[in-house]
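S.K.: Below is a structure I'd like to ask you about.
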Amino acid sequence: MSTDNGRIELAILIPEALPAQVHKVVTDVVQGGYAGAVVPPVYVSRAATMVRGSGATVNTTVGFPHGTNKPTLKAIEATSSIKDGADAVMIVAHLPHLIRGDFDAARAELLEIVRAARATRREVQINVIIESAMLMQQHDGERLIATACRAIRESGCDGVASATGFHPAGAGTEDAIRAIRRHAESLIVVASGNIAASEAQRYLAAGADRTIVDAALSSFP
């Protein structure tokens, strides 16, 4: 087991994921000493049962992969997953707010979700996916990332994740992770989105606190 496994989560978020595939990923997490498993909401309850007592966490998504649901629906989805046993949720932010650099709108959306989530379980970890590759393609990309980080911080969330892996702009690059790190302040920085196990160390070295590895791109002993 790598000493860095405790900073890596294994994800299976492909829409066609079968129960047996999810079971294998969660088993790999427990046996390999990884930080946690990232699974679709429908599998949270099963995964929570599997990791119990292992020290690993169960993470899931909200508004995935496009972030276009209304905040009220995202709040319902988050609270449902938390009740099923999720230790952490990753909210896909409403990207038009971020690409316009609209701090007030971005913060307001997240506040509604955070209030509902914290009312369900105060200690749940809440991270926000910002599609950093898309933001970095804009002429003022770093300013947009700074605004997104501020909205995430001031809404009471815990961390910022770089990408879903489903956006045409691609996954967050190492440069995007460095930009997020510069503006994260107290936020946890999570590298995410189509990252293979062989790439995890590069993202950690670039400044990520944790890396989410796509199990579909990787194999584990």
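S.K.: Quick check on this structure: which one of ALA116, ALA133, ALA151 is aliphatic (A, V, I, L, M), outside any loop (DSSP other than H, G, I, E, B) and more than 17 Å from the chain's Cα centre (by Cα)?
M.R.: Numbers: ALA133 fails: more than 17 Å from the chain's Cα centre (by Cα); ALA151 fails: more than 17 Å from the chain's Cα centre (by Cα).
Just a single option satisfies the conditions, and that option is ALA116.
S.K.: Anything in segment 56-74 that is in contact (Cβ under 8 Å) with a residue 12 or more places away in the chain and in a loop (DSSP other than H, G, I, E, B)? List them, or say none.
M.R.: Of all residues in segment 56-74, those in contact (Cβ under 8 Å) with a residue 12 or more places away in the chain come to 56-68, 71-72, 74.
Matches in segment 56-74: ALA56, GLY63, PHE64, PRO65, HIS66, GLY67, THR68.
S.K.: Another question, then. Just to check your reading of the model, which residue among ALA35, ALA86, ALA117 is within 29 Å of LEU204 (Cβ to Cβ), surrounded by fewer than 24 Cβ atoms within 10 Å (Cβ to Cβ) and in contact with a Ser or Thr (Cβ under 7 Å, 6 or more places away or on another chain)? It would help to see each step written out before you state the result.
M.R.: Values: ALA86 fails: surrounded by fewer than 24 Cβ atoms within 10 Å (Cβ to Cβ); ALA117 fails: surrounded by fewer than 24 Cβ atoms within 10 Å (Cβ to Cβ).
Just a single option satisfies the conditions, and that option is ALA35.
S.K.: Scan VAL26, VAL44 and give me the residue that is closer than 19 Å to VAL128 by Cα, in a helix (DSSP H, G or I) and of a type in the set (A, V, I, L, M, F, W, C).
M.R.: VAL44
S.K.: Looking only at segment 42-83, count every residue that is within 27 Å of GLY6 (Cβ to Cβ), surrounded by fewer than 18 Cβ atoms within 10 Å (Cβ to Cβ) and among the small types (Gly, Ala, Ser) and tell me the total.
M.R.: 4
S.K.: Residues GLU77, GLU109: which one is assigned to a helix (DSSP H, G or I), at pLDDT 95 or above and either under 21 Å from PRO15 (Cα atoms) or under 14 Å from the mean Cα position of the chain (by Cα) (or both)? Working first, answer last.
M.R.: On the way: GLU109 fails: either under 21 Å from PRO15 (Cα atoms) or under 14 Å from the mean Cα position of the chain (by Cα) (or both).
The conditions single out GLU77.
S.K.: Could you grab the pairs with beta carbons closer than 7 Å, sequence gap of 6+ or different chains, first residue in segment 187-202 and farther than 21 Å from ILE126 by Cβ and of a type outside the set (Val, Ile, Thr), second one modelled with pLDDT under 95 and in a helix (DSSP H, G or I)?
M.R.: ASN194/LEU217; ALA196/LEU217; ARG202/GLU174
S.K.: Right, another one. Name the residues in segment 166-183 that are part of a loop (DSSP other than H, G, I, E, B), in contact with a helix residue (DSSP H, G or I) (Cβ under 7 Å, 6 or more places away or on another chain) and either crowded, with 24+ Cβ neighbours inside 10 Å or without any contact (Cβ under 8 Å) to a residue 60 or more places away in the chain (or both), would you?
M.R.: At the first step, the residues of segment 166-183 found to be part of a loop (DSSP other than H, G, I, E, B) are 166-173.
Now drop any that are not in contact with a helix residue (DSSP H, G or I) (Cβ under 7 Å, 6 or more places away or on another chain), which leaves 167, 169-173.
If the condition is that a residue be part of a loop (DSSP other than H, G, I, E, B), in contact with a helix residue (DSSP H, G or I) (Cβ under 7 Å, 6 or more places away or on another chain) and either crowded, with 24+ Cβ neighbours inside 10 Å or without any contact (Cβ under 8 Å) to a residue 60 or more places away in the chain (or both), then ALA169, GLY170, ALA171, GLY172, THR173 are the ones that fit.
The values are calculated or read from the model by the stated rules, or taken from the named source; none is laboratory data. Note that the structure is a prediction, hence the values are computed from the model and not measured. Methodologically, a virtual Cβ is constructed for each residue, glycine included, from the backbone with ideal geometry; neighbour enumeration extends over all protein chains shown.
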